1. Which of the numbered conditions does ASP590 fail, given that it passes all the others? Conditions: (1) in contact with a strand residue (DSSP E or B) (Cβ under 7 Å, 6 or more places away or on another chain); (2) more than 15 Å from GLU650 (Cα to Cα).
2. When you scan region 817-840, how many residues do you find that are among the β-branched types (Val, Ile, Thr) and surrounded by fewer than 21 Cβ atoms within 10 Å (Cβ to Cβ)?
3. Identify the single condition in (1) buried (at least 20 other Cβ atoms within 10 Å of the Cβ); (2) outside the structural domain of LEU781 (by TED's automatic domain parsing); (3) touching a residue at least 24 places away in the same chain (Cβ under 8 Å); (4) not hydroxyl-bearing (Ser, Thr, Tyr) that TRP651 does not satisfy, given that it satisfies every other one.
4. Here are some residues: TRP147, TRP88, TRP120. Which one is among the aromatic types (Phe, Trp, Tyr) and at pLDDT 95 or above?
5. Go through region 313-343 and give me each residue that's free of Cβ contacts under 8 Å to residues at least 60 places away in the same chain and among the aromatic types (Phe, Trp, Tyr).
6. Mind checking which residues of region 115-132 are of a type outside the set (A, V, I, L, M) and touching a residue at least 40 places away in the same chain (Cβ under 8 Å)?
7. Filter region 239-282 down to residues that are at pLDDT 90 or above and of a type in the set (Asp, Glu), then give me how many there are.
Amino acid sequence: MPDRGGGPTGPRMRVGRPSRRSRPLLATAGVLAALGMAFVMFAGFWTDWLWYRSVDYTSVFTTTLWTKVGLFVVFGLLMALAVGVNLWLAHRLRPPLSAMSLEQQNLDRYRMSLAPFKKWVLLGISAVLGLIAGASAAAQWRTWLLWVNGVAFGRKDPQFGKDVSFYSFDLPWYRFLLSFGFAAVVLSIIAAALVHYLYGGLRITNPGPRATSAATGHLSVLLGIFVSLKAVAYWLDRYGLAVKSSDFKSTGGWTGLRYVDAHAYLPAKTILFCIAVICAVLFFATLWRRTWQLPVVGFGLMVLSAVLIGGLYPAIVQKFQVDPNEQAKEAPFIQKNIDATRKAYGIEGSQVTNYKGRSEASNEQLRSTANTTASLRLLDPNVVSPTYQQLQQVRGYYGFPATLDVDRYKTDGGKEQDTVVGLRELDIEGIPERNWINDHFKYTHGYGMVAAKGTTTQKTGAPDFTEYDLPPKGDLGEYQPRIYYGEKTTQYSIVGGPQKELDYSDGSGEKLYSYQGKSGVNLAGPINRAAYAAAFNEPQILYSGAIGDGSRILYNRTPKDRVEAVAPWLTIDGDAYPAVVGNRIKWIVDAYTTSNGYPYASRTTLGDTTADSLTDGQRAVVAQQNQVNYIRNSVKATVDAYDGSVKLYEWDSKDPVLKTWMKAFPGTVEAKKSISPALMEHLRYPQDLFKVQRELLARYHVTNPAQFYSGSEAWEVPDDPTNKSGNAVPPYYLSMKMPDQNAQKFSLTTTFTPKSRENLGAFMAVDADAGSTDYGKIRILKLPSNTTVSGPQQVQSKFNSDTEIADKINILKRGDSEIEYGNLLTVPLDGGLLYVEPVYVRGAGTNYPLLKKVLVSYGDQTAFENTLGEALDKVFGSQGGGETTPPPSTGEQPSENPTVRAALQDAQKAFEAGEKALEEKDFGAYGKAQKDLKDALQRAADAEAKASDKGGKQKR
């Protein structure tokens, strides 16, 4: 028997090739893997469609999708055709084999190896480049929509006389087309040159002609197209000078033409355009001349001209014409930059008033005026969140944001009251036992708003709550308290099915609930369940028995995420805030339209400009483009905290960028008249826009070119003196009146200091009440440059260095207590500046801050007292005839329960004993008083809860 190469037991096993039995298994596995990948891709698309349908914004999804698909297909095909046709043409123009040189014959093996696959290679290369180009083009969907829907600004640039829309909407699209054309031509040249070389059309080492006439003609046409595109680029560069950014040594960042641009670069670009056109004609002429001599000379001349005319000549103009007399030469262009920048950022109507910085009024007049100038907010929303957490959290699975919000609510007398508000949102980290059911089915929502007066506190220093407890009670009346959508709600929840949700807990136990809203996506069908199981990488969604009829999945639950998703063309303000509107909790989100193409307007970086000492990941601006030179608060958006419905309202009806996007996405933005009066009461001027404007006004409050050039009047935003982060002081909402106003207005305020100095340079306020006729009006009080009115950092240093204040601070710091300084408020008062800063103490029986003292400064006088009224009396040496704010209250009506009343009386006695012990510096007695105070308050709370529980049982 012949030897088959096997061993003693049989034939030798073949290694490295799959057996016939395994081949079907591998094929099946490959098919299943492909189907799995396809389903995952389908799941992402399908779940996106379902989500947009659930919020009634399917037009946004379809418009965006088809725009991307259209750009992908069109530009992908164009790139594939451009490269493919040139590859085919280069192959078709190859010389016969007999004409090939020895060098080319050595490449024969490569040609032979490619011969059977040349069609597939051509198609493969074209397809790959087409896919890459299509993906790049699809990312330009915003640029396309702006170009095709562009609305005129009605304002022309001062250099070329073109409408601003040309620079904002048209020029970006033309530049994309130009870059695409360059990419297609360069890739075609490379591909054609390689094919010509491979098949003998081009030679490198052999003597004689280096290229056949066919190759010469083909490549010359491609080079002619390239140079033609370069001519178009030179022409567009002329207009690009109007939006070009550069460094201007006297003023920092600069946008637009300067003297050297208008008198050197602009004519240079025009000359280079003409040279490029001539050079392109010479390349095209090689179709007849079949020589590259003239085109190469022309191309060399173009390169030399670019160096001499485009580089050296402007440098000479700058050196010998501009530098010796820069201020005079640049003055007209500085004026254009000032006018355009002020217009682009909406600060052209800023009212700048000279302010003395000192008062000649008597102390009695000042003390009296202090009562009406401002409702000085003692409750700092940046400090008291832990206090809300401790006193109103109720359960560990609720939480408040780190920074609360300031809003306005009317008191019983109909007067507006600055109010510090926060929602009791679900905090998933506080769930007692973490598992899939608890995380996504049982603990699904927060419950209720908590609000406190901004200008008063209770006697203990705790917030004076006007809306509190759970279920909620207080001044806000009846409303839907459940919060399914909030800033802390980032996980998905499945609601409305067989699994009941925890609504809230009280003394009688857990209350259960089943979601009744229409938000979210229905999970009843197996396709939807499978799609979400794949999209969320959570197989349990597919087979869990906790999902059934009526189950709906809620996701994309933060207000900013929802607004950004339904309006991907908007830039979202970093601070969404809640308000009770009617009988619903609404998140109010400010949104901006921006552009980076406003001629002559200087650019700003949104991420840097809007950052301050309070900015974190949650409060950061959501920007579609970080570099902008035009911004408008054109849209006010709301997100319902219960059903997640999103409404977009047109706010700036004159904004051409908004009009353009409304053409692109018709029906998505409602008219301004659709805003209800109840919602209008809570709309306010947005913080991020204010921070952008104040950053620009630090330089652009100056309208005289000579002054602007010198930089002598430049300001800067001071660092927050109460925060160690070293970042800018945040703007503060405050009800106050400026010198030209007759009554207090809800305002947003900030301060400026002169460049590199700490004394006060200016005070700025904007009317933030959306219902006011002066809404958005910016008022700036400019202090004389020859005075040294203390700025925020100097005032804080004065507080810290005052020996009497330092002694009292040390007393407050006894034991493990910590001092926390609240917002340092600045208020213009009869020619001078009044500074007020609440001081909180954390520790000595409490692990949350309580207001204990108030710092006040006016002129050279400072005070550190228990109440604002006492501090003002001391600073002005005169009593004001009443407090500047209502006296502290307990926040509730006196209880009818005798046990509660007795406990509260004991608490009051303990508090007074503690205050007396502090004055006598008897720390032992103070610690005992704090313990007695805590015990008394606990007895009162227990008695109240017991009575409430008993009453609830009687009702049942």
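1. (2)
2. Of the residues in that region, 1 qualify.
3. (3)
4. Result of the check over TRP147, TRP88, TRP120: TRP147.
5. TYR313, PHE320
6. Of everything in region 115-132, those that are of a type outside the set (A, V, I, L, M) and touching a residue at least 40 places away in the same chain (Cβ under 8 Å) turn out to be SER126, GLY130.
7. 1
Each row is one residue, and each column tells you yes or no for (1) assigned by TED's automatic domain parsing to the domain that holds GLY310; (2) in a loop (DSSP other than H, G, I, E, B); (3) under 36 Å from the mean Cα position of the chain (by Cα).
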{"site": "LEU146", "(1), (2), (3)": "no, no, yes"}
{"site": "GLY154", "(1), (2), (3)": "no, yes, yes"}
{"site": "PRO158", "(1), (2), (3)": "no, yes, yes"}
{"site": "TRP173", "(1), (2), (3)": "no, no, yes"}
{"site": "LEU178", "(1), (2), (3)": "no, no, yes"}
{"site": "ALA184", "(1), (2), (3)": "no, no, yes"}
{"site": "VAL227", "(1), (2), (3)": "yes, no, no"}
{"site": "TYR234", "(1), (2), (3)": "yes, no, yes"}
{"site": "ARG238", "(1), (2), (3)": "yes, no, yes"}
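The values are calculated or read from the model by the stated rules, or taken from the named source; none is laboratory data. The structure displayed is predicted, hence computed values, not measured ones. Counting neighbours? That spans all protein chains shown, and the Cβs are built from the backbone with ideal geometry, glycine included.
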